[in-house]
Structure formats: C-alpha cells, structure tokens
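See structure below.
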Amino acid sequence: MEAPREIRAPHSLDVLAPEPVTTCAGCGVCCREVSVPPYLDEIDFIPVALQREVYEARKIEAELIAQSRPCIWWEPATGKCGHHEDRPNICREYEIGGELCLETRARFAVGKKD
C-alpha cells in the first residue's frame, strides 16, 4: 500500500510575488492607495509649506478620491514620493516586500510578467 502524499496549496503570497520584492523602484502602488498624505499627529514636524499643501488637499480630498487620484506627492514619472524625507510615519512603516505591499502590488498588477 502506498503512503499518503501530502498535498499543499500554494501560499497566496507565493502566487502574488514569486520573486522577492526588495525595492520600490518603478512601483508607487502604496501612493496610489491614498490621495492625501495620511498624516496623523506628526504633521507638525514637516516644513510649513508642506503642511499647507496637505491642509489644502484635505479640503478637496473627497473630490480627489472620487477621481481615483494618487497621493498629491506621488510623481508618476519616477514612481516615487516627491517628498520622501517628509513622508508620514505610516508610509515609512509600509514594509517593502511585506504582505500589504505584495497584496497592493498584485491589485495594481505591478511586477506581473505577461
């Protein structure tokens, strides 16, 4: 009698990103998930001019969201944040290659091979 074989379903993240993600280059999907930099308490620590940009964008945030606009600081030409040094803490905590990163990349079909 033959021994039973173990059947394993592929892990969802293996399917989403077969190769490890180690850089944000050419991606920017996390910036396409929000229209206004998602500052919480730390907005007081960025330059005043950038604070004004965020406050002005918040006034029209519903309109930006309705238009599916990316973060106001995201630069499509580079796929990067235009104010990377002053980005919100939540953006700093967005782990490159982490579960949320991989799920978001899959949703936007970033890194998908045809």
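The values are calculated or read from the model by the stated rules, or taken from the named source; none is laboratory data. Every value quoted in this text rests on a predicted model; they were computed, and no experiment measured them. Reconstructed Cβ throughout: ideal geometry from the backbone, glycine too, with neighbour counts over all protein chains shown.
Looking only at residues that are of a type in the set (K, R) and surrounded by fewer than 14 Cβ atoms within 10 Å (Cβ to Cβ) in segment 95-114, which one is nearest to V54 (Cα to Cα)? Outline the logic, then answer.
Narrowing segment 95-114 to residues of a type in the set (K, R): 105, 107, 112-113.
With surrounded by fewer than 14 Cβ atoms within 10 Å (Cβ to Cβ) added as a condition, the list becomes 107, 112-113.
Working: R107: 26, K112: 33, K113: 36 Å.
That would be R107.
So in segment 14-25, with the set limited to residues that are among the hydrophobic types (A, V, I, L, M, F, W, C) and part of a loop (DSSP other than H, G, I, E, B), which one is nearest to R107 (Cα to Cα)? Outline the logic, then answer.
Restricting attention to segment 14-25, the residues satisfying the condition of being among the hydrophobic types (A, V, I, L, M, F, W, C) are 15-17, 21, 24-25.
Then drop every residue that is not part of a loop (DSSP other than H, G, I, E, B), which leaves 17, 21, 24-25.
Details: A17: 12, V21: 15, C24: 16, A25: 17 Å.
Across segment 14-25, the extreme among qualifying residues is A17.
So which residues in segment 26-64 are within 17 Å of R107 (Cα to Cα) and surrounded by fewer than 19 Cβ atoms within 10 Å (Cβ to Cβ), if there are any at all?
If the condition is that a residue be within 17 Å of R107 (Cα to Cα) and surrounded by fewer than 19 Cβ atoms within 10 Å (Cβ to Cβ), then G26, E33 are the ones that fit.
Among the residues in segment 68-77, are any of a type in the set (G, A, S), modelled with pLDDT of 85 or more and in a loop (DSSP other than H, G, I, E, B)?
Start the filter on segment 68-77 by keeping residues that are of a type in the set (G, A, S), which leaves 68, 77.
Adding the requirement that they be modelled with pLDDT of 85 or more leaves 68, 77.
Filter once more, keeping what is in a loop (DSSP other than H, G, I, E, B): 68, 77.
Yes, that holds for at least one residue.
Which of the following residues is modelled with pLDDT of 90 or more, of a type in the set (G, A, S) and out of contact with any Phe, Trp or Tyr (no Cβ under 6 Å at 6 or more places or on another chain): A17, A9, A49?
Working: A17 fails: modelled with pLDDT of 90 or more; A9 fails: modelled with pLDDT of 90 or more.
Only one candidate passes the filter, namely A49.
How many of the residues in segment 66-94 are loosely packed, with under 14 Cβ neighbours inside 10 Å and touching a helix residue (DSSP H, G or I) at 6+ places or on another chain (Cβ under 6 Å)?
1
Please identify the pairs in which a residue from segment 34-57 that is in a loop (DSSP other than H, G, I, E, B) has its Cβ atom under 7 Å from the Cβ atom of a residue that is of a type in the set (A, V, I, L, M) and surrounded by fewer than 15 Cβ atoms within 10 Å (Cβ to Cβ), counting only partners at least 6 apart or on another chain.
Short answer, once both residue conditions are applied: S35/I65; P38/I90.
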